[in-house]
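To start, the structure itself, in structure tokens.
The values are calculated or read from the model by the stated rules, or taken from the named source; none is laboratory data. Keep in mind the model is a prediction, meaning the values are calculated, not measured. Backbone-built Cβ (ideal geometry, glycine too); neighbour counts: all protein chains shown. Accessible surface areas use protein heavy atoms only, side chains included; no ligands, DNA or RNA. Shrake-Rupley method; radii C 1.70, N 1.55, O 1.52, S 1.80 Å.
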Amino acid sequence: MSATTPAAVLTATRRLELQELPLPVTGADDGLLEVEAVGICGSDWAQFEGRLGAAGAVFPVIPGHEIVGRVTRAGADACRAWGVREGDRVAVEEVLRCGRCHDCASGSGRCTGIRIYGMTIPTTTAPGLWGGYAGHMYLHPNTAMHRVPEGVPAQLATLFVPLANGIRWAQHVARPRLGDTVVVQGPGQQGLGCVVALREAGAGRIIVTGTAADAPRLAIARALGADATVDVDHEDAVERVRALTDGRLADLVIDVSAGATAPVSLAIDMVRAKGTIILAGLKDGRDVTLASDRIVLKQLVLQGVGGHDSASVAAALGLIASRRYPL
Ligand SMILES: [Zn+2]
């Protein structure tokens, strides 16, 4: 193995440079990953353009946090903690929890000392290789990782992130009942992940909405199991949902659309009385105009969600390996 590895380093907004960085010395409780593939997240683009706010304005940084690779080095303690051996293919969770704060100790799933691979740790923090856009990545002792079955192509395995998000948001948090009608607003990676998760959960009817420009993604949504898709630029989405459900409306609406604020208000129109709305799409900090009386009068449940956990990542990798969906 050579003593350095190539890395794409974001040195400033919109400035990505190829650098050769030294491979770290590792010990008993950490290791080294040979990166095979890294998914591109919507936040990678925002990070590149400097739209992530203070938390994402870390330079110089190696981006890339949807990471799949092979463990090329791992100490004895690390192997025991991670449940892997050198040579194993793994999916790496991007979140590094501190393991010491009150939130970590209470098992709440949050962490006040959280760090994120590919985002919040600069290359100036030793040993430098903290992101996926590189030949190799450092594996900190607190890393959470999951073994990837050998037969799964690396590119396919990187879909564990949007799929785990879909499983957590649409299944574990929303808890749809067998036969429920669900509307997913936004057919991006996360929305498509929700479609697969809802199919697995036994949803009765899955309706996906998107813009005219989303036509290819809406076609993918249908291939993955959506029963109907709606082009909101040319159709009245609420009327389509009403027609598709014989006036009963949706039991559950999941808003995964990024930037657009109208879907939040539309969700209230599309959901039945005592239904549930899951909000997952960020609106770039913009205020949303809505008549909150409708939430009260329809007795709705509104729940915000973000990110995945170990249980949803494990489920996502199992689903990818099953080849049940044309991912
Ligand atoms: Zn913590």
Top-ranked residue in the stretch 168-186 [being open to solvent by 20 Å² or more (accessible area, probe 1.4 Å), of a type in the set (D, E, K, R) and in contact (Cβ under 8 Å) with a residue 40 or more places away in the chain; ranked as farthest from residue 275 (Cα to Cα)]:
168
Look at the stretch 193-211 and say how many of its residues are part of a strand (DSSP E or B) and farther than 18 Å from residue 163 by Cβ.
4
Sole miss for residue 214 among (1) acidic (Asp, Glu); (2) in a helix (DSSP H, G or I); (3) open to solvent by 60 Å² or more (accessible area, probe 1.4 Å) is condition (3)
The one condition residue 192 fails out of (1) farther than 24 Å from residue 30 by Cα; (2) in contact (Cβ under 8 Å) with a residue 40 or more places away in the chain; (3) buried (at least 16 other Cβ atoms within 10 Å of the Cβ) is (2)
Look at residue 66 and say whether it is of a type in the set (Asp, Glu), within 16 Å of the ligand (Cβ to nearest atom) and surrounded by 16 or more Cβ atoms within 10 Å (Cβ to Cβ).
no
Identify, please: which residue in the stretch 217-232 is open to solvent by 60 Å² or more (accessible area, probe 1.4 Å) and in contact with a strand residue (DSSP E or B) (Cβ under 9 Å, 6 or more places away or on another chain) and is, among those, nearest to residue 325 (Cα to Cα)?
222
Can you name the condition, by its number, that residue 209 falls short on among (1) out of contact with any strand residue (DSSP E or B) (no Cβ under 6 Å at 6 or more places or on another chain); (2) open to solvent by less than 10 Å² (accessible area, probe 1.4 Å); (3) hydroxyl-bearing (Ser, Thr, Tyr)?
(1)
If you take just the strands (runs of 3 or more DSSP E) that sit entirely in the stretch 241-327, which of them hold at least 2 residues that are modelled with pLDDT of 95 or more and open to solvent by less than 40 Å² (accessible area, probe 1.4 Å)?
250-255, 271-279
In this structure, does residue 183 turn out to be outside any helix (DSSP H, G or I) and touching a Lys or Arg at 6+ places or on another chain (Cβ under 7 Å)?
no
